[in-house]
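The values are calculated or read from the model by the stated rules, or taken from the named source; none is laboratory data. From a predicted model like this one, the values you see are computed outputs, not experimental measurements. Every residue, glycine as well, gets a Cβ built from its backbone with ideal geometry; the counts of neighbours run over all protein chains shown. Only protein heavy atoms, including side chains, enter the accessible area calculation; ligands, DNA and RNA are left aside. Shrake-Rupley method; radii C 1.70, N 1.55, O 1.52, S 1.80 Å.
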Amino acid sequence: MPSCLFPLPWPRLLSATLALWAGPGVTATPALKLLAFPVPGLYDLAEDGSVAGPGGLLMNRLIAASGLRASTEVMPVPRAFSTLMSPPPGCIVGMVRTPERETTLQWVGLVSRAELAVYARSGERPLPEASPPLTSLRGRRVVVVRDTAMAAQLRELGVQAQEVSSNVSALRMLQVSRVDYWYTHQLLAEPAARATGGTPIQALLSIARIDGYLACNPAVRAADIDALRKALQQLRREGALAEFGLR
């Protein structure tokens, strides 16, 4: 439901009024950008450039519940990271929390919970046992989305993988046998496979449970972070995050 249908608290109503009647010396607070990575069947690109699908609906409900002025946009991982750290300030839905990101972003709250897994085409034989398990991918044809925690993990373990810019590219490479394995997130792989069709895929190896967060640029105001945090908590109580693994 559009956020304009929800009554704004008095301070935000005043800000909105000033924005409409702004004269010299009056600067309106820029709208917040809510970003997402493209995941067919979960975070889809609408004709107007906004985010559609269940993920887009969730983002719009978050905006409405927070009472903030915000827009939604879906873009590839590298561009999303670059946009997040550029003005005006923004936030990303579904960010993996890692030590190197801990102090560079504001962490609002959990948005999703699912498995990190190695996917293959259906019918593929299990990978040999190894310790740690991902080392079984060494010397094999693997794809991963660049600028993700999964790509960094493979590099640290000495697994040479092809790095691509989007989940759709990775999925298609797996389905047409350009690679044999895709290391990714359950909520990235399975909705994309359902939405796009083609050769069925299966999870061969579950690596770990992973949490996705709503994470914001450090420049996002403390009051806006608080509004987003309360809105996210409200959505979880209402069951709006069940589709994303949070009940």
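Quick grid of which residues meet (1) closer than 13 Å to LEU110 by Cα; (2) modelled with pLDDT under 95; (3) of a type in the set (Phe, Trp, Tyr):
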site: LEU171; (1), (2), (3): no, no, no
site: VAL179; (1), (2), (3): no, no, no
site: ALA189; (1), (2), (3): no, yes, no
site: GLY197; (1), (2), (3): no, yes, no
site: ALA208; (1), (2), (3): no, yes, no
site: ALA223; (1), (2), (3): no, no, no
site: LEU228; (1), (2), (3): yes, no, no
site: LEU235; (1), (2), (3): yes, no, no
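Filtering region 67-88 down to residues that are among the small types (Gly, Ala, Ser) and in contact (Cβ under 8 Å) with a residue 24 or more places away in the chain, which residue is nearest to THR148 (Cα to Cα)? I'd like the intermediate steps shown before the answer.
Let us first name the residues in region 67-88 that are among the small types (Gly, Ala, Ser), namely 67, 70-71, 80, 82, 86.
Of the ones still in play, those that are also in contact (Cβ under 8 Å) with a residue 24 or more places away in the chain are 67, 70-71, 80.
Working: GLY67: 31, ALA70: 25, SER71: 24, ALA80: 12 Å.
The extreme case among them is ALA80.
If a residue has to be among the aliphatic types (A, V, I, L, M) and part of a loop (DSSP other than H, G, I, E, B) to count, how many in region 72-122 make the cut? Break it down into steps so the answer makes sense when it comes.
Taking region 72-122 as the starting set, the residues that turn out to be among the aliphatic types (A, V, I, L, M) are 74-75, 77, 80, 84-85, 92-93, 95-96, 105, 108, 110-111, 114, 116-118, 120.
In the following step, the residues that additionally are part of a loop (DSSP other than H, G, I, E, B) were identified as 75, 85, 105.
Qualifying residue count, region 72-122: 3.
Counting only residues that are within 20 Å of ARG125 (Cα to Cα) and either more than 13 Å from the chain's Cα centre (by Cα) or not β-branched (Val, Ile, Thr) (or both), how many does region 183-204 have? Can you show your working first?
As a first pass, look at region 183-204 and keep what is within 20 Å of ARG125 (Cα to Cα): 183-184, 186, 189-190, 193, 198-204.
Then keep just the ones that are either more than 13 Å from the chain's Cα centre (by Cα) or not β-branched (Val, Ile, Thr) (or both); that gives 183, 186, 189-190, 193, 198-204.
Adding up the residues that qualify gives 12.
Answer with yes or no whether ILE63 is among the hydrophobic types (A, V, I, L, M, F, W, C), touching a residue at least 24 places away in the same chain (Cβ under 8 Å) and part of a helix (DSSP H, G or I). Steps first, answer last, please.
Working: among the hydrophobic types (A, V, I, L, M, F, W, C): yes; touching a residue at least 24 places away in the same chain (Cβ under 8 Å): yes; part of a helix (DSSP H, G or I): yes.
Yes.
Sort through ALA120, ALA70 and tell me the only one that's open to solvent by less than 10 Å² (accessible area, probe 1.4 Å) and in contact with a strand residue (DSSP E or B) (Cβ under 8 Å, 6 or more places away or on another chain).
Sole residue among the options that is open to solvent by less than 10 Å² (accessible area, probe 1.4 Å) and in contact with a strand residue (DSSP E or B) (Cβ under 8 Å, 6 or more places away or on another chain): ALA120.
Within region 123-144, count every residue that is under 22 Å from ARG172 (Cβ atoms) and open to solvent by less than 10 Å² (accessible area, probe 1.4 Å).
Residues that pass the stated criteria total 4.
Would you be able to tell me the number of residues in region 177-189 that are open to solvent by 10 Å² or more (accessible area, probe 1.4 Å) and in contact (Cβ under 8 Å) with a residue 40 or more places away in the chain?
As a first pass, look at region 177-189 and keep what is open to solvent by 10 Å² or more (accessible area, probe 1.4 Å): 177-178, 180-181, 185-188.
Restricting the remaining residues to those that are in contact (Cβ under 8 Å) with a residue 40 or more places away in the chain gives 177, 180-181, 185-188.
Adding up the residues that qualify gives 7.
For a quick check of your reading of the model, give me the residue pairs whose first member lies in region 30-55 and is on the phi > 0 side of the Ramachandran plot, whose second is not in a helix (DSSP H, G or I), with beta-carbon atoms closer than 7 Å and at least 6 apart or on different chains.
Within 7 Å, the pairs are GLY49/GLU73; GLY53/GLY41; GLY53/LEU42; GLY53/TYR43; GLY53/ASP44.
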